[in-house]
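Heads up, the thing below is written out as structure tokens.
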Amino acid sequence: MSKTGWIILIVCLCLLFCLCAGLFLAGRAANAILSNTNGSRADSSAARNYKDLKNPYSDDGTYSVKLDDLKELTVDWISGSVIIELTDDDFIRIRETSDAAIKEKDALRYGVSGNKLRIQACRKNHTGRLPRKDLILSIPRPLADGLTDCGIDTVSANVYCADLDLTGLEVNTVSGQILLRDMSAEEASVNTVSGPVSLLSCTFDSLRVDSVSGNASMTGAARKVRASSVSGPVELSLEDCGEVRVNTMSGSVTLDIARTPKELQVDTTSGETRLTLPKDASCALDLDAVSGKLYLNDQPVGAKQLTLGEGDAFFSIDSVSGSVYVYTK
């Protein structure tokens with residue numbers, strides 16, 4: 001068998017593996033969505049992994065927590081939404097709302113341990129279905145300034161959060177939308193199966209985004225970015241970055257980078273890659289592709305290598321059939 005034949009065979013095997021993995025994960029997502037949404041109620045099976053938290057029940061769904069210091073925040077929610085906002089109050093307000101009445105057995109649970117606050121959608125081992133609920137968590141600005149770690153896990157609940165400066169940030173969902181605005185963190189991890197991810201005006205030292213079919217986009221800056229997707233598109237508009245790595249099967253990749261990164265690597269099977277760089281970019285780009293082609297400002301390069309400026313930084317793009325479009329502005 002010729003070298004090209006071997007390459008095609010290996011690529012086909014990789015495609016088959018990625019397709020099976022994608023179908024498996026998508027199946028899990030579909031199962032989660034079907035089992036966790038039923039009109040205005042959602043399955044509470046996720047509660048088997050919850051903590052045994054006990055707090056007084058509030059029939060109006062509002063709870064007040066007085067803390068002198070808050071370092072770690074953990075939220076486990078199922079459906080509806082999670083909204084984190086900053087206030088000028090001197091206490092933390094936890095409020096849940098729903099179109100249906102929230103009975104005590106369905107009410108949220110929270111617990112405080114030192115400077116750690118945990119909130120979850122219901123009691124541990126809740127059985128039956130929960131009303132779809134919205135969580136509004138209001139944190140005093142002085143407490144938010146001292147917050148270092150934040151973790152949010154949902155099934156289908158949307159997540160909205162803004163204006164936090166953290167050491168560690170982790171947000172996970174199956175099908176909920178994730179919208180983070182003006183956030184900063186040393187380490188950030190965002191994971192979704194089918195829910196869209198939008199990170200707007202965010203600054204991270206290290207960011208990892210994983211998706212199966214959900215759109216993933218970011219504006220802002222990051223020293224290191226790792227993004228992976230099976231079929232969801234990846235869009236990054238970065239003012240500054242040092243290292244960018246993107247892996248996708250069929251999802252398109254769009255990178256708009258204001259300052260030339262030191263390292264850039266894109267691996268895709270059939271997804272199209274569009275890369276926008278500054279006019280003074282200095283890089284050497286190598287395209288390893290079976291049938292994908294390379295273009296510069298919509299003009300075919302006619303080769304699989306492209307050098308801009310002195311070629312200081314090295315860019316590597318591996319593709320089977322996806323073409324690469326490079327623009328300078």
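Taking segment 73-192 and the strands (runs of 3 or more DSSP E) fully enclosed by it, the elements with 1 or more residues that are over 28 Å from Val234 (Cβ atoms) and touching a strand residue (DSSP E or B) at 6+ places or on another chain (Cβ under 9 Å) are at 80-87, 92-98, 109-113, 116-120, 129-131, 133-140.
With respect to Ala227, determine if the residue is modelled with pLDDT of 95 or more, more than 21 Å from the chain's Cα centre (by Cα), assigned to a strand (DSSP E or B) and within 16 Å of Asp318 (Cβ to Cβ). Answer is no for this residue. It is to be established whether one or more residues within segment 123-135 are free of Cβ contacts under 8 Å to residues at least 60 places away in the same chain and under 21 Å from Ser229 (Cβ atoms). No, every residue in segment 123-135 fails to be free of Cβ contacts under 8 Å to residues at least 60 places away in the same chain and under 21 Å from Ser229 (Cβ atoms).
Scanning segment 14-70 for residues that are more than 30 Å from Pro142 (Cβ to Cβ), assigned to a loop (DSSP other than H, G, I, E, B) and of a type in the set (Ser, Thr, Tyr), which turns out modelled with the highest pLDDT? That would be Ser44.
Out of all the residues in segment 302-319, which are touching a residue at least 24 places away in the same chain (Cβ under 8 Å) and farther than 15 Å from Val246 by Cβ?
Of everything in segment 302-319, those that are touching a residue at least 24 places away in the same chain (Cβ under 8 Å) and farther than 15 Å from Val246 by Cβ turn out to be Thr307, Leu308, Gly309, Glu310, Gly311, Asp312, Ala313, Phe314.
Kindly indicate whether Ile102 is surrounded by fewer than 22 Cβ atoms within 10 Å (Cβ to Cβ) and among the hydrophobic types (A, V, I, L, M, F, W, C).
For Ile102, the condition - surrounded by fewer than 22 Cβ atoms within 10 Å (Cβ to Cβ) and among the hydrophobic types (A, V, I, L, M, F, W, C) - is met.
Answer yes if at least one residue in segment 126-143 is under 27 Å from Asp205 (Cα atoms), modelled with pLDDT of 95 or more, among the hydrophobic types (A, V, I, L, M, F, W, C) and in contact with a Phe, Trp or Tyr (Cβ under 8 Å, 6 or more places away or on another chain), and no otherwise. No, segment 126-143 contains no residue that is under 27 Å from Asp205 (Cα atoms), modelled with pLDDT of 95 or more, among the hydrophobic types (A, V, I, L, M, F, W, C) and in contact with a Phe, Trp or Tyr (Cβ under 8 Å, 6 or more places away or on another chain).
Check whether at least one residue in segment 199-209 is touching a helix residue (DSSP H, G or I) at 6+ places or on another chain (Cβ under 9 Å) and of a type in the set (Val, Ile, Thr), and report yes or no. Among the residues of segment 199-209, not one is touching a helix residue (DSSP H, G or I) at 6+ places or on another chain (Cβ under 9 Å) and of a type in the set (Val, Ile, Thr), which makes the answer no.
Out of all the residues in segment 310-329, which are among the β-branched types (Val, Ile, Thr) and part of a strand (DSSP E or B)?
Those that are among the β-branched types (Val, Ile, Thr) and part of a strand (DSSP E or B): Ile317, Val324, Val326, Thr328.
Among the candidates Leu296, Leu255, Leu306, the residue that is within 26 Å of Val209 (Cβ to Cβ), at pLDDT 95 or above and either buried (at least 18 other Cβ atoms within 10 Å of the Cβ) or not charged (D, E, K, R) (or both) is uniquely Leu255.
Out of segment 111-136, which residues are buried (at least 19 other Cβ atoms within 10 Å of the Cβ) and either closer than 23 Å to Lys71 by Cβ or touching a Pro at 6+ places or on another chain (Cβ under 8 Å) (or both)? Answer for segment 111-136, where residues must be buried (at least 19 other Cβ atoms within 10 Å of the Cβ) and either closer than 23 Å to Lys71 by Cβ or touching a Pro at 6+ places or on another chain (Cβ under 8 Å) (or both): Leu117, Ile119, Gln120, Ala121, Leu135.
The values are calculated or read from the model by the stated rules, or taken from the named source; none is laboratory data. Please read these numbers as outputs of a predicted model, since none were measured by experiment. Because the Cβ atoms are built from the backbone with ideal geometry, glycine has one as well, and the counts that use them run over all protein chains shown.
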